[in-house]
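Below is one structure, written out as structure tokens, with a few remarks after it.
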Amino acid sequence: MDIHITADLKKLYPESIFGSLIIRNIPNQKIHEALEERKRDLERRIREVHGEVDIDNIIQKYNTYFRMWKKTYPIEYQINTIRSGGKFPQVSVLVDSMFIAELNSMILTSGHDLEEIRGDLSFDISREGERYLKLNGQVQKLKKNDVVLRDNEGLLACILYGPTMRTSITLKTKDALYFAWCPYVMDERLIMAHLKEILENLSHIFGSVTSESQLIRS
């Protein structure tokens, strides 16, 4: 499976960089006690030592992007929710392992069922009038020039609205593909450390995990 960045995206977001992590043969499950402990630990750290997220350099980069469409970076909202007493959502082990790493690094991430992806993948920009079916089952009209991911059958995700339902991770998923989305320049070491944390969360539960990771640059 080839993953590339289109010329249109390179022209509009020349500093964009993406990271990918494939994991294989992991029997997804609804919940695991060891992962729940990691959630509680991160919640405590966010409440006790996390500074104001609006001055964080990574948050600022993402907010630069989201504010073009008068939106706020959702990870900032989620961190502030936890700081105010909220808790992590509970979806499944494959999804929650991603959420933990995402809130720890503040790097936007999507998760996909690898078996549902058709052909090669391309990071691209959205066109006028494009639509897709979101995770909640609602049809979403995309904003023009958002960063999107496509396979041979169509759209898989975008930055503003997240992944599509078609490749969503379910309890039947065994092979997963995670992407770190960085429309502006990001330290490659931070991206790889973020992907490594997802893998470590899964390894903490399942032991040895078969994986592949890479960076996709403009």
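The values are calculated or read from the model by the stated rules, or taken from the named source; none is laboratory data. Nothing here was measured: the structure is a model prediction, and the numbers come from that model. Using ideal geometry, Cβ is built from the backbone for each residue, glycine included, and neighbour counts are taken over all protein chains shown.
Details
- Any hit, the stretch 40-54, residues being surrounded by 17 or more Cβ atoms within 10 Å (Cβ to Cβ), of a type in the set (Val, Ile, Thr), within 19 Å of the chain's Cα centre (by Cα) and at pLDDT below 95: yes
- Within the stretch 94-135, the residues that satisfy the criterion of being without any contact (Cβ under 8 Å) to a residue 60 or more places away in the chain and closer than 18 Å to residue 154 by Cβ are 116, 118, 126, 127, 128, 129, 130, 131, 132, 133, 134, 135.
- Qualifying residue in the stretch 167-185 (condition: of a type in the set (Phe, Trp, Tyr), within 28 Å of residue 30 (Cβ to Cβ), in a loop (DSSP other than H, G, I, E, B) and touching a Leu at 6+ places or on another chain (Cβ under 9 Å)): no
- Qualifying residue in the stretch 54-62 (condition: closer than 20 Å to residue 156 by Cβ and of a type in the set (Val, Ile, Thr)): no
- Number of positions in the stretch 9-19 that are among the aromatic types (Phe, Trp, Tyr) and either over 20 Å from the mean Cα position of the chain (by Cα) or outside any loop (DSSP other than H, G, I, E, B) (or both): 1
- Applying the set (1) part of a helix (DSSP H, G or I); (2) within 18 Å of residue 117 (Cβ to Cβ); (3) of a type in the set (S, T, N, Q) to residue 203 leaves exactly one unmet item: (2).
- Complete set of residues in the stretch 117-153 that are out of contact with any Pro (no Cβ under 9 Å at 6 or more places or on another chain), assigned to a strand (DSSP E or B) and charged (D, E, K, R): 124, 131, 141, 150, 151
- Subset of the stretch 20-40 (residues that are under 21 Å from residue 167 (Cα atoms) and either outside any strand (DSSP E or B) or touching a His at 6+ places or on another chain (Cβ under 7 Å) (or both)): 25, 26, 27, 28, 29, 30, 31
- First in the stretch 2-19 and closer than 16 Å to residue 108 by Cβ, second anywhere and of a type in the set (Asp, Glu), Cβ under 6 Å, 6 or more apart: 9/124
- Residue 103 meets all of the listed conditions (1) out of contact with any strand residue (DSSP E or B) (no Cβ under 9 Å at 6 or more places or on another chain); (2) part of a strand (DSSP E or B); (3) among the hydrophobic types (A, V, I, L, M, F, W, C) but one, namely (2).
- The residue that is surrounded by the fewest Cβ atoms within 10 Å (Cβ to Cβ), counting only those in the stretch 147-165 that are in contact (Cβ under 8 Å) with a residue 40 or more places away in the chain and in contact with a strand residue (DSSP E or B) (Cβ under 7 Å, 6 or more places away or on another chain), is 162.
- Criterion applied to 174, 196, 144 was being of a type in the set (Lys, Arg) and either over 23 Å from residue 39 (Cα atoms) or in contact with a Gly (Cβ under 9 Å, 6 or more places away or on another chain) (or both), and the one residue passing it is 144.
- All positions within the stretch 71-86 that are surrounded by fewer than 13 Cβ atoms within 10 Å (Cβ to Cβ) and either among the small types (Gly, Ala, Ser) or at pLDDT 95 or above (or both): 84, 85
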